[in-house]
Structure formats: C-alpha cells, structure tokens
1. What pairs can you find where one residue is in the range 187-198 and within 10 Å of residue 228 (Cβ to Cβ), the other is among the acidic types (Asp, Glu) and part of a strand (DSSP E or B), and their Cβ atoms are less than 8 Å apart, with a gap of 6+ or different chains?
2. Hey, any hits in the range 199-211 for a residue that's under 19 Å from residue 103 (Cβ atoms) and assigned by TED's automatic domain parsing to the domain that holds residue 118?
3. Is it fair to say residue 203 is surrounded by 20 or more Cβ atoms within 10 Å (Cβ to Cβ) and not in a loop (DSSP other than H, G, I, E, B)?
4. Count, please, the residues in the range 189-200 that happen to be part of a strand (DSSP E or B) and either surrounded by fewer than 17 Cβ atoms within 10 Å (Cβ to Cβ) or of a type in the set (A, V, I, L, M) (or both).
5. For the subset of the range 251-284 comprising residues that are of a type in the set (S, T, N, Q) and in contact with a Leu (Cβ under 7 Å, 6 or more places away or on another chain), which member is nearest to residue 36 (Cα to Cα)?
6. Filter the range 161-183 down to the residues that are part of a strand (DSSP E or B) and among the charged types (D, E, K, R), then identify the one that is nearest to residue 226 (Cα to Cα).
Amino acid sequence: MKVAGKDLHRPGAESARRPRPVLVVRLDATLLDAASSKAPAAGTYKQGFGFHPLTAWCTNIGDSLAVMLRPGNAGSFTACDHTAVLDAAFGQIPATWRTDVLVTIDGAGASHEIIDYLTGLNTAPAHGKRGRRVEYSIGWPIDERTLAGISELREPDWDNALDADGAPDPEAQVVDLTGILRGGPGGDRLGSWPTDLRVIARRVPRPAGKQAKLGEDAYWEYGAFATNTPTGQIQWLDARHRTQAHVEDRVTQLKACGARNLPSIDYDRNGAWLQLAALATSLTAWLRHLALDCDLAKAGTKTLRFRLLSAPARLITHARRKILKIPPGWAWAHDLATAWDRLQALHPG
C-alpha cells in the first residue's frame, strides 16, 4: 500500500530486516438491485429494491476476505454485522500477517461497538512486540459535538493537507480536534470513548453555487475520521484514510464477477452465489498480483476476460507435462504465455 507516495510500513520496522508492510482491511457495503421478489430483498436507502451486502477486502492485493448477504434495508451502522464480517476477515488472514493490521471503514463504521471491538483486538500497547497491533481509521460524523469543537478553533490551527502523491494540497486543510474535544471549554466530549481515540477534521472550500444546508458552514465543507494511531503527522494520517477509498473499484470487480444480479429466490442459494463471486474476484486479484504486468496488472475483470480468459487456447498433456497452446495471432499471446509460465513456476509439480 502507498500513502502520500510512500509505502505503508510499520513505524520503526526499519532495521537489518526489510520493513514489514502493514496489512490493510477495508469494510464497505454496496447495493445490489433485484428485479423481482427474492428473499431477503427489501427496499434500500436509495429508494431502490434489492440487497445490501457488507464486504471486507485486503486492499494490499485487492482480494475479498469476507462478504455477508443482507437485505436491502439492512442498516449502515449495524455493529453486529460489522464485527461478524471483521471476524471472518481476520480468519482469512494467515497468522503471521495478523500482527500489524489497519482496519478502515467509512462513516458507517463510527459506532461505539466497532471501535470498542477494534480496541480490544489491539494488544500491542500492553504486550509490546508480543502483542498484535490493530489500528483503525474510521469515518467520524460531523455532528453537533464535532461542529462545536471546530467552532472553537483558530484560523492558524488549520494546516494544508497532502494529495495522493504527498505534495501539499492548498485547497484542503486538516486539524487534530482531539485536544479540544477532550479538554476544551465544553468539557470532555469523548469521555465514553477509548482513551487512545483521536479525531482529525478536514475542510475544503464549498464549491461555487452549492447551497449549504441548514446549520452548515456557508464557506467550508467538513469531514472527519477517528483513529488510534498514536504517532504520525495529521496530514499523513488524513492521506492514509483517504487512500482506501479505491475499494470501490474492488466492489465493481465483485459485481463484474457475477454479483450484480443474484439469480434465485432462495436466500441460501443467493448467499452461495455471492461467495462464489467473491472467490472469483480473489482469483483474478491474485492473478494480477502474481502473473501480470503493466496495464494488465491493473485491468478490470471485463478486460481480463476479453484479453486472457476468453483466449482460443488449449491445455494439453504431453509426456506428463501440461502445455498451453496459444494461437500465434492472438494479440495478447505473450502476456498469456508469461502468466502461464509464472504460475507454473509457483507450482512446478
């Protein structure tokens, strides 16, 4: 993973060994339309009809870790669903990679239950190197409490944010609200939350012609997120939080692998179909990671299907060896042959 143009590594990991990457788990919900009555399809918050599954992704690779089929009216703040999907996602991660994890969720995850759950998983503060470091970066609501803290800021308190490449972004500004929310004139507004929770706010100019809603600032649009990462510049933490938004591309791949339309009126069959679509998404993600280069390493499922998966090739066995015969006129024959050789090298038997 890259944040502000640099690889995301565990702080302090630079030693005689290579720095250890941080494994990033991203939770996100999406909507699937249903053209007919299918269990448990229901009305959605966008006035549609269908399903509202919750997904978990390893954004380092782009593979699916877990997916839960839910009715269309399933709530965005349903903590029990988030914890269940997180449990399933952690179960998919090899034990050696569960020691340094960052969990990111959009504003739907800013519930007491989720943050308390993740705080309980973070055993590094008590056990040091023997503990498991689980940090989070979760969208925080711009509610009355947050707006009250923002109103107590001075103009010099705001600093320029960073863009995706790590360069200063003069349009966006960030600030750490934790001190004001915990010890400002209004008292401790975070008293019931974990002591290591930090709240970082961001503002951008309101676009010309965009009308502010009642109670909103006429000149600025605000956003915020919560994290338990104790160190690091707030500009970098803000960039780290926004970097994970590309998970929408993974959801698109999931839909392209068959999840766009669930076929049955039966709940269990649709759940199995969704799991198969998630498995196909993971297989294509690892194919890109292990065997492909250049534009194909970032290609979508439709592109891979057209260029590689639908190639008029034959797999034959000769002298106890499997040989992939590709027509020489196929435009992407070299890419397909290279991918085949790389995968064969991983499993020569």
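The values are calculated or read from the model by the stated rules, or taken from the named source; none is laboratory data. Computed from a prediction, not measured in an experiment: that's the story for all the values here. With ideal geometry, Cβ positions are generated from the backbone for all residues, glycine too; neighbour counts draw on all protein chains shown.
1. 198/176
2. yes
3. It is true that residue 203 is surrounded by 20 or more Cβ atoms within 10 Å (Cβ to Cβ) and not in a loop (DSSP other than H, G, I, E, B).
4. Of the residues in that region, 2 qualify.
5. Checked the range 251-284; the qualifying residue nearest to residue 36 (Cα to Cα) is 270.
6. Result: 176.
Here's the yes/no breakdown for (1) of a type outside the set (S, T, N, Q); (2) farther than 30 Å from residue 5 by Cα; (3) out of contact with any strand residue (DSSP E or B) (no Cβ under 7 Å at 6 or more places or on another chain):
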residue: 255; (1), (2), (3): yes, no, yes
residue: 301; (1), (2), (3): no, no, yes
residue: 308; (1), (2), (3): yes, yes, yes
residue: 312; (1), (2), (3): yes, yes, yes
residue: 346; (1), (2), (3): yes, yes, yes
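A quick yes/no check of all residues on (1) among the polar types (S, T, N, Q); (2) at negative phi; (3) surrounded by 14 or more Cβ atoms within 10 Å (Cβ to Cβ):
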position: 33; (1), (2), (3): no, yes, yes
position: 37; (1), (2), (3): yes, yes, no
position: 40; (1), (2), (3): no, yes, yes
position: 79; (1), (2), (3): no, yes, yes
position: 87; (1), (2), (3): no, yes, no
position: 92; (1), (2), (3): yes, yes, yes
position: 97; (1), (2), (3): no, yes, yes
